[in-house]
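Accompanying notes for the structure given below.
The values are calculated or read from the model by the stated rules, or taken from the named source; none is laboratory data. None of these values were measured; they are calculated from a predicted model. Virtual Cβ from ideal backbone geometry, glycine too; neighbours counted across all protein chains shown. Areas reflect the complete protein model, heavy atoms only, side chains present, ligands, DNA and RNA absent. Shrake-Rupley method; radii C 1.70, N 1.55, O 1.52, S 1.80 Å.
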Amino acid sequence: MTVPVTLAILGASGDLAHRLLLPGLGTLLNTNPEYEVTLVGCAVDDLSQEEWQERVRGALGGKCPRASIEQVIATTRYEQLDLTNAEALRKLLDGLGDAPVLYLALPPAVTFQLCEALTTIELPKGLRLGLEKPFGSDLATARELNKILARLVPENQIFRIDHFLGKSVVLNLLGLRFTNRVFEHAWNNQNIERVEITVDEALALEGRAGYYDRAGAMRDMIQSHLLLVLALFAMEEPPSLNERDVRDLIALMLRHTHLWDDDPAASSRRARYTAGSLQGEQIPNYVDEPGVNPSRNTETLAEVTVRINTDRWFGVPFRLRSGKALGDARNGITVAFRPVDHVPEGFTQAPPNVLSIGMKPANIKLGLSTNAESNRFELNQSVLATDLAESPLKPYGEILDSIFRGDPLLTVRGDVAEECWRIVEPVLKAWQHGLVPMDEYIAGGAGPSNWKA
Ligand code: NDP
């Protein structure tokens, strides 16, 4: 049975649409050929229908079956529009039919203006809105955006995208926690000493200064993605995997989350890369990258330590870190367990257990202390490792699938977006006031030499 969907990509000539959204759609049409997508592209660029069709054909990619590509090409159209103009939007919506998906792949200021313009016109029944981060630029603007959105459609027809919250990451974390007796009973401050959530990228700016220089590592990664991973890691057991059950508990966990010692300066660090070599490529100083404005003082590596004010987690530091142009790409959670209280006399001190949960690639490694081969009284760390199942879809394929099915489980609810800003905003203010020094690290290295692991 076919499932017809009208998908209007607003900002269709942009980087996200070309590099992530359309290739994601290609993987989705491969695994779910039942979707019959009418694709409408809109942007300011003056593109002919042929140029647009060629772009779509190229971007859907090799994973998309030929028949699906031809079905999309036969029905797709491009509309050159100023998407902040209410009359232009009304005409666009009139031509989309019931329950279309409007995917806003637009600069944040344009998204704001577009949503305001939508409040002045009649919207199609069942309209779904896909929104790209950032959801505001601070708590006040996040609230303002949420208020406007609330006037447009019900909350569960709004899909705030966090492509980090792919199905594999969410299901692997919840499955690991709540279906394994060995873990869930150890998941507390009696057993866990500290937790680190790290996304270090072995990529520099990749030509995205226009966006990144205004965001920086804290807004780009920690405020949005890493706090959500923290909430999934630490939350209580949801009654089910339904969106309300899971997202209620994510929101609750974030409401319990605060900066370590409530001190924005002492709980955070920031740094910026200097010239170096990254995977054989010469990288300039961040401030010399094309499009970077040094007066913005943007960080390319950020770290913040938070605490969770619950009985389960009291006293456990959660360190969130993310940066660009680092030598080793790392993407996962490290759980450091407390050492055992007592080791029988005769054994050397046992190294404490360490559990690593990789998000990309998805895997689990558990460091166990075991007897050394040469001397069985000596204890070494051995590692039990297994790969976890990953989705055949690219992250944006998963996102589009959830929007098409109308299931917002994997997206960010409005109150959650506000909580994330509430947590990091004092840090951003402390940085703005120069209360935390901007350290430096060489591109391709491990981070600033004065940051000890
Ligand atoms: P780009 O600047 O590459 O593209 C922006 C798009 O918006 C272009 O198609 C542009 O059209 C269109 N546009 C701008 N103003 C108007 C207007 N008034 N009316 C109609 N169209 C307009 O941005 P990205 O694609 O990189 O990013 C889009 C969103 O996605 C941002 O919110 C970003 O934060 C988010 N995002 C991007 C990621 C990425 O890797 N690119 C990753 C995660 C999130 P034209 O070119 O014709 O002017």
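Measuring r between the beta carbons of ALA385 and MET1 and using R0 = 45 Å, the FRET efficiency lands at 0.60. Once the chain from HIS342 to THR31 is taken as fully extended at 0.36 nm per residue, the excess over their C-alpha distance is 106.7 nm. Descending by average beta-carbon neighbour count within 10 Å, the peptides 299-308, 243-252 line up as 299-308, 243-252, the highest first.
Calculate how steeply helix 414-432 sits against the longest principal axis of the alpha-carbon atoms of the chain, using the helix alpha-carbon long axis, and give the answer as 0 to 90 degrees to the nearest 10. Helix 414-432 and the main axis of the chain meet at about 70 degrees. Here the dipole of segment 268-331 is about 340 debye; that uses its Cα centre as origin and unit charges on the Cβ of Lys and Arg (positive) and Asp and Glu (negative).
Working from Cα pairs under 8 Å separated by at least six residues, relative contact order for segment 193-258 is 27 percent. Figure note: TRP260, TRP451, TRP313 ranked by solvent-accessible area, largest first, 1.4 Å probe, ligands and nucleic acids not counted: TRP260, TRP451, TRP313. With 0.36 nm allotted per residue and the present C-alpha distance subtracted, the ARG19-TRP451 stretch has 152.1 nm of extension available. Highest mean first, the peptides 95-105, 340-350 sorted by other C-beta atoms within 10 Å per residue fall in the order 95-105, 340-350. Here the label points at PHE377 and ALA150, each 7 Å from Cα along the C-beta direction, are separated by 6.8 nm in the simple model.
Axis angle, to the nearest 10 degrees, between helix 395-405 and the longest C-alpha principal axis of the chain: 60 degrees. Entry note: segment 63-151 has Rg to Rh equal to 1.03, where both radii use alpha-carbon atoms and Rh is the Kirkwood radius. What number comes out for accessible area per residue over segment 31-138 if the probe is 1.4 Å? Units Å², please. Heavy-atom SASA per residue in segment 31-138 reads 46 Å². Computed with a 1.4 Å probe over protein heavy atoms only, the accessible area of MET235 comes to about 0 Å².
When the accessible area of the chain is split by element with a 1.4 Å probe, what percent falls to carbon and sulfur?
Values: 10430 of 20620 Å².
The value for the chain is 51 percent carbon and sulfur by accessible area.
With a 10 Å radius around each residue's Cβ, average the other Cβ atoms per peptide and rank 23-34, 354-365, highest first.
Working: 23-34: 20.8, 354-365: 17.7.
Answer by packing, highest mean first, reads 23-34, 354-365.
At an R0 of 41 angstrom, the distance between the Cβ atoms of VAL287 and ARG143 translates into a FRET efficiency of 0.80. Once the 1.4 Å probe is applied to the protein heavy atoms, segment 285-403 comes out at 51 Å² accessible per residue. Listed by chain and number, the lysines whose alpha-carbon sits under 18 Å from that of LYS63, ignoring those within fewer than 8 places in the same chain, are LYS394.
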